[in-house]
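Inspection log for the structure reproduced underneath, given as structure tokens.
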Amino acid sequence: MRTADKFKEKTVFSLEVFPPKPDADESVIYNTLEQLSDIKPDFISVTYGAGGGKNGCRTIKIASKIENEYGIDSVAHLPCIGLTKEQAGEILDNIKLSGIENVLALRGDIPEESCVCGDFRHADELVSFIKGNYDLNVIAACYPETHPESKDVVDDIKRLRHKVDCGVDHLITQLFLDNRFFYDFYEKTQLAGIDVPIEAGIMPVTNKRQIERMVKLCGVQLPDKFVKILDRYGDDEEALRDAGIAYAVDQITDLIAQGVAGIHLYTMNNSFIAHRIHDAVQNLIK
Ligand code: FAD
């Protein structure tokens, strides 16, 4: 089923997983999926390492298993940086042949030492390419705290509106730790006439290294409330895990109360944490 149709029925609750590294044991992800399937999420999305390579084969294989063996709708991520139209077409043919109906069309991060080669400069071009050639539901990314490369918030929203006009059916946000960023961003999207469902991306932060990486990579701001949690529990693995889960549950509860279209949980392939969060909010997403 196409993800965009799910928002008509209920508050969507979906999950993200990533494929194991090319040299790692593949069976681990299937054990994780087995456990995640009990949650009965509305869909599971599978990330794809930008720049192509073997990781992409695993993305489609895993998304196909989610769809065809676990009976859960799946989304294959597709970053277009460095791809020619022919290469993108081969991947999309494979996605279609695997029975997957949903693609998350991304640009991907530009590698530091190499030039931007390939036929796509931005995700909007990939969205147009997919919509022009394939009957697929297209999802795209958006940024409540503004994409780090954007000139300013006005430009970011203008680009987002254009990307949606190219054929995006549903948006998923970058993680954020302060819901006020989401509400401000959402208001701007409505003023800009962006009328597709926007799912809030929530990442339960359960270890210090993970959050340091996120701050550096995504420019996510740490609210005072969160810094206090890190200061108090940062050196106690179990306490920080529990505090991170409680923080995510609090964020989700507030978002649902404010009428968010859906919650996309960045599971980091941790089914224990995903279950704990789902258990706490399952009656809110019926
Ligand atoms: P774009 O939409 O192209 O935007 C990037 C920047 O360019 C923004 O500043 C935007 O305002 C600007 N821009 C957009 N269009 C134009 C234009 N036409 N002209 C000029 N400027 C423009 N990365 C991966 O490699 N693999 C994944 O699986 C993956 N999954 C993700 C899932 C989600 C939900 C999110 C939020 C991000 C994910 N990413 C993934 C990271 C993503 O690839 C990076 O954030 C990347 O830097 C931007 O991708 P984008 O699709 O948002 O790019």
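Read-outs: derived from the displayed coordinates by stated rules, not from any lab. As the structure is a computational prediction, the values presented were derived from the model and not from experiment. Quick reminder, even Gly has a Cβ in these numbers, built from the backbone with ideal geometry, and neighbours come from all protein chains shown.
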Just how far, in whole angstrom, is the range 1-58 from the range 178-201 if you go by their alpha carbon centroids? 24
How large is the charge dipole for the chain, taken about the Cα centre, if only the Cβ atoms of Lys, Arg (+1) and Asp, Glu (-1) carry charge, to the nearest 20 debye? 240
Check cross-link reach from residue 286 to the aspartates and glutamates: straight Cα distance under 14 Å, and skip same-chain residues fewer than eight apart. 9, 42
With +1 on each Lys and Arg Cβ and -1 on each Asp and Glu Cβ, how big is the dipole of the range 17-142 about its Cα centre, in debye rounded to the nearest 20? 100
In whole Å, what is the distance between the alpha-carbon centres of the range 244-286 and the range 95-147? 26
Loop GluC sites (Glu not before Pro), the range 1-42, which have at most 15 other Cβ atoms in a 10 Å radius of their Cβ (DSSP): 9, 26
Taking the Cβ of each residue in 43, 182 as the centre, tally the other Cβ atoms inside 10 Å and list the residues starting with the fewest. 182, 43
Using 23 Å as the Cα-Cα cut-off, could you pick out the over-long pairs in 21/228; 85/163; 6/208; 131/163; 85/131; 188/225? 21/228; 6/208; 188/225
Backbone N under 18 Å from the residue 158 label point (7 Å along Cα→Cβ), restricted to the range 188-209: 188-194
